[in-house]
Every structure is written in C-alpha cells, then in structure tokens.
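The values are calculated or read from the model by the stated rules, or taken from the named source; none is laboratory data. Everything numeric in this text was worked out from a predicted model, so none of it was measured. Because the Cβ atoms are built from the backbone with ideal geometry, glycine has one as well, and the counts that use them run over all protein chains shown. Keep in mind that these areas ignore ligands, DNA and RNA; they rest on the heavy atoms of the full protein, side chains included. Shrake-Rupley method; radii C 1.70, N 1.55, O 1.52, S 1.80 Å.
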Amino acid sequence: MHIDTEDLLNSIMESFDRISYIKLEDIPNIDLYMDQVTTFMDKNLRKSARYPEEDKIMTKTMINNYAKNNLLPPPVRKKYSKEHMLMLIFIYYYKGILSISDIQTLLGPVTARFFNTTEEFDIKVVYEEIFSVGYDQTESLKEHVLAEYERAMETFEEAPEDSKDFLKLFSFICFLSFDVYMKKMLIEKIIDEMRDRKKEKDV
C-alpha cells in the first residue's frame, strides 16, 4: 500500500488555509425565514463538510429539533434573527463532538445572558471574540499537525516494506486521534462541572 505522504501533507496544509469563519458582517441584518436560513448556512459552511456534494449542512428538521431541545430560542413569527444565526453556527461546530445534553449545558447560559439583550455586551460580541481568536490559532495548529506528522513518519522503520507506508499513516491518525480524545475528555469534564454547579445553585 503506497501512499504519497508529501502530497498528503500538502493537502492537509491546504485544507487549513481554506478554513474561515462566518463574520458578523456576512450575516444579514434582517430576520430570515427557514428556507433563507438553510440556504445561508449551506452556502457558507458547505466547504467545511467532509463530503460537500452529499452532506446535509443544516436542514429544517435539524433546526426544528434544536428549538425543541432548547438549544435554540424559538423563532419570532417564523423568522430567525441574526442572533439565531450565531447560535446555529455554534451548534453546527459543536454537534460533531458533543451530545445534545452537553450542548444544552454549554449554550444555555450563553442564551440566558447574551441572547436578545439590550446590553452592549451581547451574543454578537461573544461570537466575534470566540471565532476571531479561535481562527487566529490556525498557524499554531498547522505547526502542531506538522510535528505529529513528522513524528509519525519516523515510526515503524523496521516494519515490512510492503506495510511501512500504511503503518506510518496509521501512526499519524493515532497521534491526532489521541489529541482529539484527550481534548474531548477535557471538554466533557468541564461541562460536567458546569452542570453540577447549576444543579447546586438550583437546589
């Protein structure tokens, strides 16, 4: 199994370069109907999908379920505000790694404190701070992935020649997976702590 590791690495780095986030000014300042919401999300997030030609970015059913599960405040007269759009973007990124319950715990306080508020510090400020700082970390993330890749390419030097490429790639995936696994555990631990504190406060 021969794998062109140089092409693979170049492809990975190019993927990082294509990463961008939906800026506040990109979101319409008018309230949108459901069809307009799904069209907007599809247009702006499709390039981040694993299978762009097949994956459903955000459907009407998904959005209705988010509202039913209290992840998203209900629309007003069937229209979704800019604040709704920001919450949907948060949900889109979380749903691949967290359970519905965890997302509820995480976004509940954000919605309660910063959604549809007359205060200057609102959900727009929260969103811009999170995403602008987060995407500034792209270069350091690229360096981390490159270091893991180089480390993986040094493994299995004594392996059979016809298995060496596969095992090196397997190492690379394992190193990246371990990093994701540990971060997911940390996120879940923090969310559990948030949930426990809320229960104590509600007693």
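Two decimals, Cα atoms only, Kirkwood Rh: what is Rg/Rh over the stretch 10-122?
So for the stretch 10-122, dividing Rg by the Kirkwood Rh gives 0.97.
In degrees between 0 and 90, to the nearest 10, how far off the longest principal axis of the chain does helix 161-202 point, with axes built from Cα atoms?
30 degrees
Taking Cα pairs under 8 Å and at least six residues apart, what relative contact order does the stretch 57-121 come out at, in percent?
34 percent
So, with a 1.4 angstrom probe, what is the percent of accessible area on the chain that is carbon and sulfur?
After summing per-atom areas, the C and S share lands at 55 percent.
Report the semi-axes of the equivalent ellipsoid for the stretch 23-67 in whole Å, largest first, where each axis is √(5λ) for an eigenvalue λ of the Cα gyration tensor.
With the √(5λ) rule applied to the stretch 23-67, the semi-axes are 18, 15, 8 Å.
What's the longest piece of the chain with no exposed GluC sites (Glu not before Pro), counting a site as exposed if DSSP puts it in a loop and it has at most 16 other beta carbons within 10 Å?
In the chain, the maximal stretch lacking such sites is 55-118.
Calculate, for the chain, the solvent-accessible area per residue in square angstrom, rolling a 1.4 angstrom probe over the heavy atoms of the protein chains.
Value for the chain: 67 Å² per residue.
Mind jotting down the distance between the C-alpha centroids of the stretch 131-187 and the stretch 13-58, whole Å?
The stretch 13-58 and the stretch 131-187 have Cα centres separated by 27 Å.
Taking Cα pairs under 8 Å and at least six residues apart, what relative contact order does the chain come out at, in percent?
23 percent
Going from the alpha-carbon gyration tensor of the chain, what semi-axes, largest first and in whole Å, does one get by taking the root of 5 times each eigenvalue?
37, 21, 16
How large is ³J(HN,Hα), in whole Hz, for each residue of the stretch 49-55 in order, when computed from phi with the Karplus curve 6.51 cos²θ - 1.76 cosθ + 1.60 and θ = phi - 60°, using x for Gly and Pro?
6, 5, 10, x, 7, 10, 5
Across the stretch 58-68, in residue order, what do the Karplus-derived ³J(HN,Hα) couplings come to in whole Hz, using 6.51 cos²θ - 1.76 cosθ + 1.60 with θ = phi - 60° and x for Gly and Pro?
Per residue, the Karplus-derived 3J(HN,Hα) values read 7, 9, 4, 4, 4, 5, 4, 5, 4, 5, 5 Hz.
Expressed as an acute angle from 0 to 90° and rounded to the nearest 10, what is the orientation of the C-alpha long axis of helix 5-17 relative to the principal long axis of the chain?
Result, in degrees: 20.
Rolling a 1.4 angstrom probe over the protein chains, ignoring ligands and nucleic acids, what is the accessible area of PHE175 in square angstrom, nearest 10?
Here the residue's solvent-accessible area equals roughly 40 Å².
Before rounding to the nearest 500, sum -39500 (n - 2.57) across all DSSP H runs of length at least 4 in the chain and divide by the residue total; then give [θ] at 222 nm in deg cm²/dmol.
-22000 deg cm²/dmol
What residues have an amide H closer than 5 Å to that of LEU32, excluding those fewer than 5 places away on the same chain, when H is modeled at 1.01 Å from N in the peptide plane?
Close amide H contacts, sequence-distant or interchain: TYR80, SER81.
Divide the volume of the convex hull of the Cα atoms of the stretch 128-203 by its number of residues and quote the answer in cubic angstrom per residue.
So the per-residue hull volume is 106 Å³.
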